[in-house]
Amino acid sequence: MHEKTLYIETVGCQMNLLDSELVVAALRKKGYRLVDAPKKADVILFNTCSVRQHAEDKIYSALGRLKHAKKHNPQKIIGVLGCMAQKDQKLIFQRAPFVDLIVGPGQLHRVPELIEEIQRTAGASVPRMEVSLDRSGGSRDEVESSFESYDPLRDPEMRPSPYQAFLRIMIGCDKFCTYCIVPSVRGPEQSRPPQHILTEAKRLASEGCREITLLGQTVNSYRHRTAGETTRLSDLLNQLHEIEGIDRIRFITNYPKDMTRDLLEAVRDLPKVCRYLHVPLQSGSDRMLKRMKRSYTVGEYREMLACIRETLPDASVTSDFIVGFSGETEEDYQQTVDFVKEARFKNSFIFKYSPRQGTKGFELYEDDVPDEIKRKRNNDLLAVQNAISEEDNQPFIGQEVEILVEGPSKKQAKRPSEQTEPLQLTGRTTCDRIVVFDGSKRQIGQILPVRIYDANGFTLFGSVVTHHVGPEVYSLA
Ligand code: SAM
Ligand code: SF4
C-alpha cells in the first residue's frame, strides 16, 4: 500500500504550535508520515495566524506557489487550518480555488475525517469547510460549543523537545482589545476542567516530560467553576506542583489586570514554578490604552509591576508593545519609551500596528500612522529595550545558574553534519534566559548548573559546573 505523507507549516503563537502537534498526532494514527517539503507530500496543511497582515500574506503567497503542483498532481490535498481559516472562510477558496480544505481552530478534531471524505470523493473536487460560529452567530452556549478543544491527543515526537510540552488550560478570549482579532477567531474564553489538565500533565510526566508551559490567551484569567467551587490559576499551580517528574512549570500570557496577589504568592512559594512572567503592557500612554480598550492605566500597571518585584524580586518580566496604533502621537510613543526605560523588562516583543478587519479598531479608527513612522518607532523602541536587556544580562557573568538543557543551539542545528562533541547546546534558566554552552548529547533533558562567562542582550554563554565530591578512588577489582 502507498504510504501516506503529510507536510505541515505553522505560523503564529504557541497555541498554533500545539494545534499542529495535535493534528499531526491524529494523522499519524491514520498512517501518515511527516515529510519536510510540500513536493514530497500527499497532504499539505498550513496552520495559520491572523494577528497581523504579514502572517496572512505569508500563507497566501505559500498557497500561490502550490498552484502548479496541484495542477500537475490533482490528488494532492491542500488544507488551510487555524485562525485565518476562521477569519477568511470562503474568501480562501476565492483567492486560492485549488484549496480542498478549510478548518477553523475550533474544529481541528475533524481534520482526519474531512481528509478521508475528500479522498473518497476524488474527482468530484468538492472542497470542505468546517468553521465555528461567529461570536454573534448564536447564544453564548452555542458559540462556545462550536469551539471544541481536543487536547489529550499527544504525540511525544512532535513536541519541541521530549522534555518540554505545552499544555492548554483555556481557549478563546473575552477581552476584545480593539486591535485584536483573537476573540473572533478563537471564540469565547473557556477554562478547561482542572481534572483534565492534571490528567494530561501526569501523562506528559510519564512520557518523560520535565517542563510544562501552560497556555492561555490570558492565562491568569483562568477560572473553572464546578459545584460551587472555583479553581484559579494559583490553585491549579499548587495541584500541578505535586506531580512527580514535572520539574518546571511556566505559564503564558498574562493579562495585567488579572495578576492577583494569590498568583504571585503561588509562584513565590512553589519552587517548580518558573520565575518568569510575560505581562504585555502594549503602550505607555493612557490615551492609547483606553483606545485599545486594555482596561488598565499605566499607573495601575506600574503598581502591578511593583507588586511583582516586591513578591518575586528574582523574577523576570517581559512585555509586548504595539507601535503606531491609530492616533498614536510622538508624545504617546515617547511615553512608551519612557516606561520601557523605567520598567526594565527582560525583553519585549514589539509590533507595528496592523489593522484587522472584524475588530472594533478597524471599524472605529483610521490607520493614520504612516508605515515609515511605525517602522522607525519599532526599531527605536527595540534599540532601547535591547540596550536594557544587554545591561541587565551583565550581572550574570561569574554567576552559577541552573538550566534545563533543551538541545542543540540554533547555530549547531544549522550544521547537522558536524556532530562531533562537544556540541553547542542551549537551555533556559527559570527566569527564561537563554544559555549557550559546549556539552554532550547525553546532557539534553538534564537540569544542570552552568557558570556564565559572557553575555549579550539575548544570550548568556557559560560552561557546565562539575562539582567534585572528593578524591576519586580507583580499584582494579
Ligand atoms: N493574549 C495576549 C495578550 O493579551 O497580551 C497576546 C495575544 S496576541 C496573539 C500577541 C501580541 O500580538 C499582542 O500582545 C499584541 O502586542 C500583538 N497584536 C495583537 N493584535 C495586533 C495587531 N492588530 N497589530 C499588531 N500587533 C498585534
Ligand atoms: Fe487579543 Fe486582548 Fe485577548 Fe490578548 S487579551 S488575545 S490582545 S483581545
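The values are calculated or read from the model by the stated rules, or taken from the named source; none is laboratory data. As the structure is a computational prediction, the values presented were derived from the model and not from experiment. Cβ placement follows ideal geometry from the backbone for every residue including glycine, while neighbour counts extend to all protein chains displayed. Surface accessibility is based on the protein's heavy atoms, side chains included, excluding ligands, DNA and RNA. Shrake-Rupley method; radii C 1.70, N 1.55, O 1.52, S 1.80 Å.
Pairs linking a residue in segment 253-278 that is farther than 15 Å from Thr231 by Cα and basic (Lys, Arg) to a residue that is assigned to a strand (DSSP E or B) and open to solvent by less than 30 Å² (accessible area, probe 1.4 Å), with Cβ atoms under 7 Å and 6 or more positions apart or on different chains, are Lys272/Arg248; Lys272/Ile249; Arg275/Ser316.
For segment 368-399, what are the residues that are in a loop (DSSP other than H, G, I, E, B) and open to solvent by 20 Å² or more (accessible area, probe 1.4 Å)?
Step one: of segment 368-399, the residues in a loop (DSSP other than H, G, I, E, B) are 368-370, 397-399.
The answer is Asp368, Pro370, Ile397, Gly398, Gln399.
Output the residue which, of all residues in segment 157-182 that are more than 13 Å from ligand 1 (Cβ to nearest atom) and aromatic (Phe, Trp, Tyr), is nearest to Thr359 (Cα to Cα). Here the residue is Phe166.
Looking at Val401, Val369, Val384, just one residue is in contact with a Lys or Arg (Cβ under 9 Å, 6 or more places away or on another chain), of a type in the set (A, V, I, L, M), under 30 Å from Asp247 (Cα atoms) and away from ligand 2 (no atom under 16 Å from the Cβ), and that residue is Val401. Taken residue by residue, segment 190-197 has no member that is within 14 Å of ligand 1 (Cβ to nearest atom), over 21 Å from Gly82 (Cα atoms) and modelled with pLDDT of 95 or more.
So which of Ser221, Ser161, Ser234 ends up being within 27 Å of Ser316 (Cβ to Cβ), within 16 Å of ligand 2 (Cβ to nearest atom) and surrounded by fewer than 22 Cβ atoms within 10 Å (Cβ to Cβ)?
Working: Ser161 fails: within 16 Å of ligand 2 (Cβ to nearest atom); Ser234 fails: within 16 Å of ligand 2 (Cβ to nearest atom).
Residue meeting the stated conditions: Ser221.
Consider Phe325 carefully, then state whether it is more than 11 Å from ligand 1 (Cβ to nearest atom), open to solvent by less than 10 Å² (accessible area, probe 1.4 Å) and out of contact with any Cys (no Cβ under 7 Å at 6 or more places or on another chain). For Phe325, the condition - more than 11 Å from ligand 1 (Cβ to nearest atom), open to solvent by less than 10 Å² (accessible area, probe 1.4 Å) and out of contact with any Cys (no Cβ under 7 Å at 6 or more places or on another chain) - is not met.
For segment 198-221, the set of residues classified as of a type in the set (A, V, I, L, M) and within 11 Å of ligand 1 (Cβ to nearest atom) consists of Leu215, Val219, listed by residue number. Checked against the criterion of being buried (at least 19 other Cβ atoms within 10 Å of the Cβ) and over 28 Å from Leu448 (Cβ atoms), the candidates Thr199, Thr178 yield just one match: Thr178. Counting only residues that are more than 16 Å from ligand 2 (Cβ to nearest atom), open to solvent by 60 Å² or more (accessible area, probe 1.4 Å) and either assigned to a helix (DSSP H, G or I) or touching a Ser or Thr at 6+ places or on another chain (Cβ under 9 Å) (or both), segment 10-33 holds 4 of them.
For Glu402, the stated conditions hold: it is of a type outside the set (Ser, Thr, Tyr), open to solvent by 70 Å² or more (accessible area, probe 1.4 Å), modelled with pLDDT of 90 or more and part of a strand (DSSP E or B).
Name the single residue, out of those in segment 328-366 being hydrophobic (A, V, I, L, M, F, W, C) and within 10 Å of ligand 1 (Cβ to nearest atom), that is surrounded by the most Cβ atoms within 10 Å (Cβ to Cβ).
Ile350
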